[in-house]
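J.: Encoded as structure tokens, here's the structure I'll be asking about.
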Amino acid sequence: PTEAEDAAQDAFLKIFEAAPRYRPNASFRTYLYRVVSRLCLDRLRKKHPIYTDRLPPSVSAEPEPPEQIGRQETAADVRQALDALPPRQRMALVLRHFEELSYKEIAEAMDTSVKSVERLLSRGRKELAEALDNKRDERPPKK
């Protein structure tokens, strides 16, 4: 099993075991994010993550159009820049921009304040933009 599958299994086991004590003060979705985020942060603290979700090589014998290659490079750059962020900044960005949670939902999921979420997102966006700018500067100019 992969790291993600192990984390998902642990999260659902933890939720199942805690079911009798669950009190729905917030949405279940927020509760689930909180449990999963805590488990993932614990795993990150215990060991360095193993990233196995890199973009696969092209399986086509046909050369890919330049715009497709550019999109793949951009996606890989964003993933690499996200992976380099501190875990709480990365989590806040993922919950906001990929999971489309509100600031309040993110605060509940991460067990922090809305102000803290705002700071995490601001710093995370700034660091992400800097990393992507540096990556763009490293690339040779297009012909």
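J.: For segment 1-25, what are the residues that are in a helix (DSSP H, G or I) and not charged (D, E, K, R)?
T.: Residues of segment 1-25 that are in a helix (DSSP H, G or I), as a first pass: 3-21.
Correct list: Ala4, Ala7, Ala8, Gln9, Ala11, Phe12, Leu13, Ile15, Phe16, Ala18, Ala19, Pro20.
J.: Related question: Being modelled with pLDDT under 80 and either out of contact with any strand residue (DSSP E or B) (no Cβ under 8 Å at 6 or more places or on another chain) or more than 22 Å from Arg125 (Cα to Cα) (or both) narrows it down to one residue among Leu82, Leu44, Leu95; which is it?
T.: Values: Leu82 fails: modelled with pLDDT under 80; Leu95 fails: modelled with pLDDT under 80.
Of Leu82, Leu44, Leu95, the one residue that is modelled with pLDDT under 80 and either out of contact with any strand residue (DSSP E or B) (no Cβ under 8 Å at 6 or more places or on another chain) or more than 22 Å from Arg125 (Cα to Cα) (or both) is Leu44.
J.: Just to verify a result, which residue in segment 102-122, among those that are among the polar types (S, T, N, Q) and either buried (at least 18 other Cβ atoms within 10 Å of the Cβ) or assigned to a helix (DSSP H, G or I) (or both), is farthest from the chain's Cα centre (by Cα)?
T.: We begin by selecting, within segment 102-122, every residue among the polar types (S, T, N, Q); these are 102, 112-113, 116, 122.
Next, only the ones that are either buried (at least 18 other Cβ atoms within 10 Å of the Cβ) or assigned to a helix (DSSP H, G or I) (or both) stay: 116, 122.
Details: Ser116: 17, Ser122: 15 Å.
Among residues in segment 102-122 that are among the polar types (S, T, N, Q) and either buried (at least 18 other Cβ atoms within 10 Å of the Cβ) or assigned to a helix (DSSP H, G or I) (or both), the one farthest from the chain's Cα centre (by Cα) is Ser116.
J.: I would also like to ask the following. Only one of these conditions is not met by Ala18: (1) surrounded by 12 or more Cβ atoms within 10 Å (Cβ to Cβ); (2) more than 18 Å from Ala92 (Cα to Cα); (3) among the small types (Gly, Ala, Ser); (4) modelled with pLDDT of 70 or more. Which number is it?
T.: Going through the list (1) surrounded by 12 or more Cβ atoms within 10 Å (Cβ to Cβ); (2) more than 18 Å from Ala92 (Cα to Cα); (3) among the small types (Gly, Ala, Ser); (4) modelled with pLDDT of 70 or more, Ala18 breaks only (1).
J.: Give me the pairs: first residue in segment 26-38 and part of a helix (DSSP H, G or I) and at pLDDT 75 or above, second residue exposed (fewer than 14 other Cβ atoms within 10 Å of the Cβ) and among the aliphatic types (A, V, I, L, M), beta-carbon distance under 9 Å, and six or more apart or on different chains, which are they?
T.: Correct list of pairs: Val35/Ala18.
The values are calculated or read from the model by the stated rules, or taken from the named source; none is laboratory data. What you see is a predicted model; the values in this text were computed from it and never measured. A quick note on method: Cβ atoms are made from the backbone with ideal geometry, for glycine too, and the neighbour counts reach across all protein chains shown.
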